[in-house]
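Here is the structure we will look at.
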Amino acid sequence: MTRRISVVEEGWFFPKFPARNHHTRTYFHHMIHDYQTWLQEVLCAFSCQTGTIHRSTPDGTHLALVAQIGVPDTLLDKISLIPFGKGIAGAAAERRAPVELCNLQQDLGGVARPDACQTQVSGSLAVPVFSRDGEKVLGVLGIGMMTPHQFSCEDQQALAQKTLPLQEEFER
């Protein structure tokens, strides 16, 4: 099923597409019926092997795991509820901006938590999911590769575009 949504404001998280006028951008997307399947499609689009979807808790201080692919079972308890500001997903939520690590295994900036090395992921990217008005962080979408990888600005924008169906689902 295809749904139409309009976005009045355009920022870095709203990709530029042709529109009828400069005030309203129109987007088409498919509703998410199965988070696992949707996440697998995102991973395939970016040639990634691991991914997570986290949703902000009602109080807006933590991220709760909604779906994951490729995360070792030993880490599931540690990523099931993440405080804003902790780890890659938490940093993306707190900063309200993408967080990219070329090599998570050698994170010199201290963003990744020590347990993240157990994933064997090297290149990773997490982008926040914003409310329509851009005021709230509704969640975070994260992807990862097993080899070191520098995600480009275009990759960050493309992944941010992929969050639009999550935005729609999380605002219901």
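The values are calculated or read from the model by the stated rules, or taken from the named source; none is laboratory data. The model shown is predicted, which means the values in this text are computed figures rather than measured ones. Because the Cβ atoms are built from the backbone with ideal geometry, glycine has one as well, and the counts that use them run over all protein chains shown.
Restricting to region 123-146, give me the number of residues that are surrounded by fewer than 19 Cβ atoms within 10 Å (Cβ to Cβ) and either of a type in the set (S, T, N, Q) or within 11 Å of the chain's Cα centre (by Cα) (or both).
First, pick out the residues of region 123-146 that are surrounded by fewer than 19 Cβ atoms within 10 Å (Cβ to Cβ): 131-136, 146.
Among the residues that remain, those that are also either of a type in the set (S, T, N, Q) or within 11 Å of the chain's Cα centre (by Cα) (or both) are: 131.
The total comes to 1.
Taking (1) out of contact with any strand residue (DSSP E or B) (no Cβ under 8 Å at 6 or more places or on another chain); (2) closer than 18 Å to His54 by Cβ; (3) crowded, with 19+ Cβ neighbours inside 10 Å; (4) modelled with pLDDT under 85 in turn, His149 satisfies each apart from (2). Count of region 59-97 residues, restricted to those that are assigned to a loop (DSSP other than H, G, I, E, B), buried (at least 18 other Cβ atoms within 10 Å of the Cβ) and at pLDDT 95 or above, is 1.
Tell me, yes or no, whether region 151-166 has at least one residue that is of a type outside the set (S, T, N, Q) and in a loop (DSSP other than H, G, I, E, B). Before you say what the answer is, go through the steps one by one.
So the first thing to find is which residues in region 151-166 are of a type outside the set (S, T, N, Q), and the list is 151, 153-155, 158-160, 162, 164-166.
Still in the list and also in a loop (DSSP other than H, G, I, E, B): 151.
Within region 151-166, one or more residues are of a type outside the set (S, T, N, Q) and in a loop (DSSP other than H, G, I, E, B).
For region 121-146, the candidate set comprises residues that are out of contact with any strand residue (DSSP E or B) (no Cβ under 6 Å at 6 or more places or on another chain) and not charged (D, E, K, R); within that set, the residue that is nearest to Thr52 (Cα to Cα) is Met145.
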